[in-house]
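Contents: one structure, followed by commentary.
We did not get these values from a lab; they are worked out from the coordinates using the rules stated. Keep in mind the model is a prediction, meaning the values are calculated, not measured. Cβ atoms come from the backbone with ideal geometry, glycine included; neighbour counts cover every protein chain shown.
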């Protein structure tokens, strides 16, 4: 008999990741496509359908269903309406995928998909109070309290990335200034590096690369090779995020904070700076009792989106 | 038959309020004593015992039990250990009151007492997600999510007053700098007024009063009479608190935020400034959907502490 997998999809502003995930949370195949290359939703679905069918056929797997994590994803009606994605208005994404795949389809907020992954198969198993921070193009946040995802009064809790940490600070895509995600995210890391190229005089290979081509991965690599601008960039990012997390601890006191996403893998300079700044800014009640952990998943949201399928089929 | 009341006690850094509260949440008598005038816990208990016995005898009421709301109050073992109160170390307050009153005694964190009052008898009845902010000597905060008080991993959630809003800002009793409660609390209001007396040149009756004698009530009254320093003080306080609350909304998205405590009654200048600053700083998702409300209680914590007694007797 063929092994069953669920397709877990993590739709992000830059990348969309498609994973084939077993009921045990194991990712048997993963593929990444550029979200912005699909201005038409039909083409986007067609591409994912092709990937799902080809990859599962090649591995002799059968498909049990589709789980989709997407910014503003609404589990109740299977739609989303996200300003950072190519498609405008309310998109009935569950209905559209269901029509093409002829399989059960489930939709969830991207950050909550990450939470489900960590809770079902990752480091948060057995925890009742924890937080996942996803550092991608923006900063996503999923909060679990008393063992339950925090949805808030109307489903829009967890917008930690849009807490204002520097009044009058960097312009944010949300129309305001100084939001945490303008500093602590892949985009924020890039903006900090550019700012430091202007304010500092250290020599750096980054000076030879146009703004548009600089990425957070490149900065992490440069830091690993000792580039002072890149090291200062990751330290500064860590300090901003560490303070914000210390404040978050004072409000909800989670057991652990998991960091996910590309920028979370920006190496020791970054991770040390986050933990140092967090500990320095913690109220005495929490000092030494909490630090951030890197998530076990390269993409926890695909695993969590797939978990929705397995939960429904139980 | 005599009507039954519970004694609800709200122990604060400056004042301790004792209320006689019916099972329906009505306060039949209230008295306020200065906490710092009782360096010995025995004298403190003796005074409250006298108040409870005298007041209940005068109104022909019988006492059903004692509920105590106190900073760091631990419901599990009936103790507290608070740095802003006159008594040092772990105080077995439930046992001490039980011995003197010979009645059932219940202890809870002061902010959570306020939450219980608002939930049991106030504006939060029927709400599943809300926040109470208590503006007294410090800033207390009780958070309810999915209908449950948020305790956090070790019982120390809700320290919103100790989130750092201005890195390197005002010195706080907790040993750090820039905590929200150094700006948004009765003490914070006083500190802002003093700062404005230095930075501004407006004439003000406050210039004739020594630092030690200025209080937030006096400032609220001066603002009501058009004093520009007092008006600027309340506006600034409102702006700091409004931004912090807008950030809190982004994290947990409550249905409502209730303001309690003396400073919450600092009048329209203050309340308008809080709501304006909150709305200005809200992410578009929440704009126009949430504002702060004044609690119905002059002291919600006494009512909430008494509710513990009634819940236990049910």
What shape does the protein assembly as shown take by its C-alpha gyration tensor, where a ≥ b ≥ c are the square roots of the eigenvalues and a/c under 1.5 counts as rounded, a/b above b/c as prolate, and the rest as oblate? prolate
Once you have a ≥ b ≥ c as the square roots of the Cα gyration tensor eigenvalues for the range A:80-135, tell me rounded if a/c is under 1.5, and otherwise prolate or oblate according to whether a/b is larger than b/c. oblate
q = 0.09, 0.14 Å⁻¹, chain B: log10 I(q)/I(0) [Debye, one scatterer per Cα]: -0.45, -1.07
If you average the sequence gap of Cα pairs under 8 Å that are 6 or more apart and divide by the length of the range A:127-294, what percent do you get for the contact order? 23
Quick one: Cα centre-to-centre distance for the range B:232-260 and the range A:24-64, in angstrom? 44
Chain B: angle of helix B:228-252 to the longest principal axis, Cα-based, in degrees nearest 10: 70
Paramagnetic label zone (point 7 Å from Cα along Cα-to-C-beta, residue B:103; backbone N under 17 Å) in the range B:291-314: B:301-314
Shortest-first distances to equivalent copies, position residue B:41, nm, label 7 Å out along Cβ: 6.3
Choose one answer from A:277, A:244, A:198: the residue with the largest mean-square fluctuation in a GNM of chain A with alpha-carbon springs under 10 Å. A:198
Label residue B:31 and residue A:81 with points 7 Å out from Cα along Cα→Cβ: what is the distance between them in nm? 5.8
Could you give, in nm with one decimal, how far residue A:195 is from each other copy of that position, shortest first, with labels 7 Å out from Cα toward Cβ? 2.2
Axis-nearest residue of A (beta carbon) for the A-onto-B rotation, whole Å: A:145, 3
For the range A:63-107, what relative contact order do you get, as a whole percent, if you take Cα pairs closer than 8 Å and at least 6 residues apart? 45
Looking only at B:139, B:20, B:248, which one moves most when chain B is put into a Gaussian network model with springs between Cα atoms under 10 Å? B:248
If you take the beta carbon distance between residue B:313 and residue B:272 as r and set R0 to 45 Å, what does 1/(1 + (r/R0)^6) give as a FRET efficiency, to the nearest 0.05? 0.60
Within chain A, the percent of DSSP beta bridges that are antiparallel, given to the nearest 5, stands at 55
Calculated label separations, residue A:311, copies of the chain, 7 Å along the beta-carbon direction, nm: 2.7
What fraction of the DSSP beta bridges in the protein assembly as shown is antiparallel, stated in percent and rounded to the nearest 5? 55
Beyond 29 Å, what share of the Cα-Cα pairs of the range A:127-294 remains, rounded to the nearest whole percent? 18
Can you work out the PRE-style zone for residue B:15? Point 7 Å along Cα to Cβ, and I want the residues of the range B:182-213 with backbone N under 13 Å. B:186
With runs of 4+ DSSP H residues as the only contributors, calculate the mean residue ellipticity of the protein assembly as shown at 222 nm using -39,500 (n - 2.57) per run, divided by the residue total and rounded to the nearest 500. -12000 deg cm²/dmol
Residue of B:223, B:58, B:111 that the Gaussian network model of chain B assigns the largest fluctuation, springs spanning Cα pairs under 10 Å: B:58
Restricting to Cα pairs below 8 Å that are 6+ residues apart, what does the relative contact order work out to for chain A? Please round to a whole percent. 21
